[in-house]
Every structure is written in structure tokens, then in C-alpha cells.
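To start, the structure itself, in C-alpha cells.
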Amino acid sequence: MKTTNQTLLSLILMITSTLLFTGCKDNTYEEITYKANVPVYMGLEEFRGAVKKTSPQSLENPGKIYFKDNFLFVNEYHKGVHVIDNSNPSAPEMVAFIEIPGNVDIAIRHNILFADSFIDLVAIDISNPANPVEVDRVEDAFPNVLPPPDYTYPVYGLDFEKGVVVGWETKDVTEVVEKGNGMKNQYILYDGMGVQAVGSNEVSIGPSAIGIGGSMARFTISTNYMYAVHNNDLKVFDIGETPGISAGNVIPLDRQVETIFPYDNKLFLGTTTGMMVYDLSSPSTPAFLSVFTHINSCDPVVVEGNLAYVTLRSGTQCNGFTNQLDVVDISSVTNPFLVKSYPMFNPHGLGIDNHTLFICDGDAGLKVYDATDPLEIHMHQLAHFADIKTYDVIPYNGLLMMIGADGLYQYDYADLDSLRLLSHIPVVNP
């Protein structure tokens, strides 16, 4: 005699068989072939042993920049970091190249360089900048990060169990699908950590605990904590026990975050829909203070005094069509408001130093303004270096370090009436 469970199982099997038979009889299938992005994988063991120092290399596809103790660190997009001795900005010297697969962002505290490597966060000892050594790693700090595919085609066969996706191959793919339903694979958004970029004047800058990043940065450091923005999250890492790293709180945000800028014990986050402000009174748990909302657009932000400067630009990743500079009053940080907007060509990174505003206006070049009067910035342009495809800048103590599609430029702006080029390390096409 059958038990109740056996009877129930028989009934389920009968119903399932009927449904499967009906589905096979009613559905019509077809074979389709299309082009797709097929993942290129690197095994986890190989990936996590890939960070190493090599001899200096030429700039080919430079990204973000970072400055500390007379050294410049320039990201080579998704490949690693150039280490440059910049004690003489008129003659910068390539010292080494650190291979870091999937690297986009960096930050430095004391002698430890923190870098993303696709899904991981890596700590590298640069006590001897010419001989960097990996000392720690947080695995899966940024899960499911992907290199940007060819957006013309869908992605096929993505499987994170196979390893880390380090690239894509465009291939013809053949599938059997239900007629009328088309391909099974979908177009995906880029889930990545960054946006692709693109004589003797001695500068005496003493050692500092923390370096300086550009406005396009997604990493920043304050005291014993490193902060990283990743998609819709603000991630906190405890780096107090040098050289160790431990993952801390994850602060969920209600919008897509692009950049992060520290100022006056606060974090200013540039998002696709506005500037968010977080308080660091409790550094392990940043607290929301306010948001200044604008239309959909990419927007790095820098701050000086009671004013924040935000550039909005059009771009496929941000789906916006506005190109402008917004000046925002933050004298009441819980209630920021717009002071004035200025039209721009296609602004990317920017920097501010003692009311001198530097804007990387994309293909329109570097523009320099006296921003003393926020209502009349457009009337006080100090310089315009056109025909340079600009990406980001770091102004510091009369020295402007600028990265762009054409390479690394450095300018002396000690005399605002006569900015002059000190050096240029060009991009070399492979």
C-alpha cells in the first residue's frame, strides 16, 4: 500500500510529465547565430599572484593620478600603476611599473598603496618605490566587477565560478531558443570601479601621512580608514593596522556614485544625480548629512571653504546631456543650494587652490579661472590650454599635475598671469 508521500510524489511526477510533454508539443524552436561578448577568464590562483613590479613602461592608456611625497602614481587603465619620481617636475623620471590586473583607483597612507584589482583590494608596500611589494589583500572587496565590454553586443556565457573576467572576445554564438523569444543573453551595464580616461623647478614638499588624489577618484583616506565608492555603496575599510586591511561597514546609497572627495572631516560624493555629503565624526560609520540634486549626469566635485564646485557632463555611462559647472553653497552643509551654473564643453575632472579653479573640459582643453567671485567666474578666465584632451588635475603649492589622453602635463601656476608648461610625458601608442 502506498504511503501518502509516495502517492503525492507520483502525482507530482504525472503533472510534471504532462506539462513537459505539452510544452514540447506546443513550443517551436529555432537556431540563431549572433555576435556576443564572450568572457576571457583568469583563474583565481593566477589572478591573486599577478601583482608584481616591472621595469618602467610608457604611458599608453593613462587613467587617474595620485601624488605623495614628490612621487606621482599614474594608473595605466586596467593594467597597473606607473611610479614617477617628481622631485623635479621639469624632468619627471619613470621609476617602476606595478602590474595590477584590473586596476583603476589608488590611494596611499604612509608607505602603503591601496589599489583595486578587479574584484579585490590590494595593499602594496612602497617604502622603496622602485621595489613595491604586495603585503595584504581583501578578496572579493568589489564583487562581480567587470571590464567594459563592447556595448554593441550582448554578453554570452558569464560564469563567475570560472574565475575573474579580465577581458572579452567578440565571437559568433549559436543558440537554440524558443521561436520569437530571441537570444537568451542580455546587454549588461559595466559594473566597474572607474571611468576610463583617458628646466629645473625644484618643488619642496615635505612627507605627509596621506597623499592627494584627483577629483575623479573613487578611493580616499581619512585617518585610519579608507573609503571606496562602488556602484550604489560607500565601502569602509579599516587600515589602522599597517599594513593590514579589514573590511568594515557598507553604507547603501540610493543612487549611482561616481567620485569621492574629502574635505573638513566630510566626504563629498559625486553621483549621477547629485552631490551627497557624509559626516566622518564617527569615521567607521559615515553619517548622511545632505544631498544637492541635479539632472542625470556624471559629476566629480571639489570643495574649498563654503563652496563646492561640481562639473556635469554628458556621457553614455551617465545618460546625461548637460555640460556645465555648478557652484554650490555649502555654508550650511545640511542645506546646500545652487549659486550659479556655467556652460562648459564636456567637463571631466577639476581642482581648486586658493580660489584658482582648474577645469579639464574634455577635448576643449584645460581652462583656468579666478573663482574669487562665484557669480562672475566666466568673466575671469586666466588661461586656456586648448587642443589637449584633458581628464583630471591635481593642483598643489603652485604645481599643476594634469592627466589626459595625450599624457601627463605639469604646469607652474605660481604666477597666475603667466602659467607655463614644465614638462610633458606623452602617450606612446603600442
What is the pair-distance distribution P(r) of the stretch 253-430, computed from all Cα-Cα distances in 10 Å bins starting at 0, with each bin given as a whole percent?
-> 10, 38, 35, 15, 2, 0
Give the distance, in whole Å, between the Cα centre of the stretch 341-409 and the Cα centre of the stretch 73-108.
-> 22
If we count other beta carbons within 10 Å of each Cβ, what is the order of E60, E304, fewest first?
-> E60, E304
Short version: what are the Cα gyration tensor semi-axes of the stretch 33-203, square root of 5 times each eigenvalue, largest first, in whole Å?
-> 37, 17, 12
How many nm is it between the label spots at E178 and S314, if each spot is 7 Å from the Cα in line with the beta carbon?
-> 4.0
Tell me, what HN-Hα J-couplings in whole Hz come from the Karplus equation 6.51 cos²θ - 1.76 cosθ + 1.60 at θ = phi - 60° for each residue of the stretch 105-122, using x for Gly and Pro?
-> 10, 9, 7, 10, 10, 6, 10, 10, 9, 9, 9, 7, 9, 6, 8, 10, 10, 10
Burial ordering of D233, D120, fewest other beta-carbon atoms within 10 Å first = D233, D120
Could you bin all the Cα-Cα distances of the stretch 254-357 into 10 Å bins starting at 0 and give me the percent of pairs in each, rounded to whole numbers?
-> 16, 52, 28, 4
FRET efficiency, 1/(1 + (r/R0)^6) with R0 25 Å, evaluated for Y396 and T372 via beta carbons = 0.80
Exposure proxy ranking, count of Cβ atoms within 10 Å, fewest first, for D353, D370 = D370, D353
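Multiply the residue separation of S341 and L382 by 0.36 nm, subtract the distance between their alpha-carbon atoms, and state the gained length in nm to one decimal.
Roughly 12.9 nm would be gained on extension.
All of the numbers you see were taken from the coordinates with simple rules; none came from a lab. Because the structure is a prediction, the values reported are computed rather than measured. All Cβ positions, even for glycine, are placed from backbone atoms using ideal geometry, and neighbour counts span all protein chains on display.
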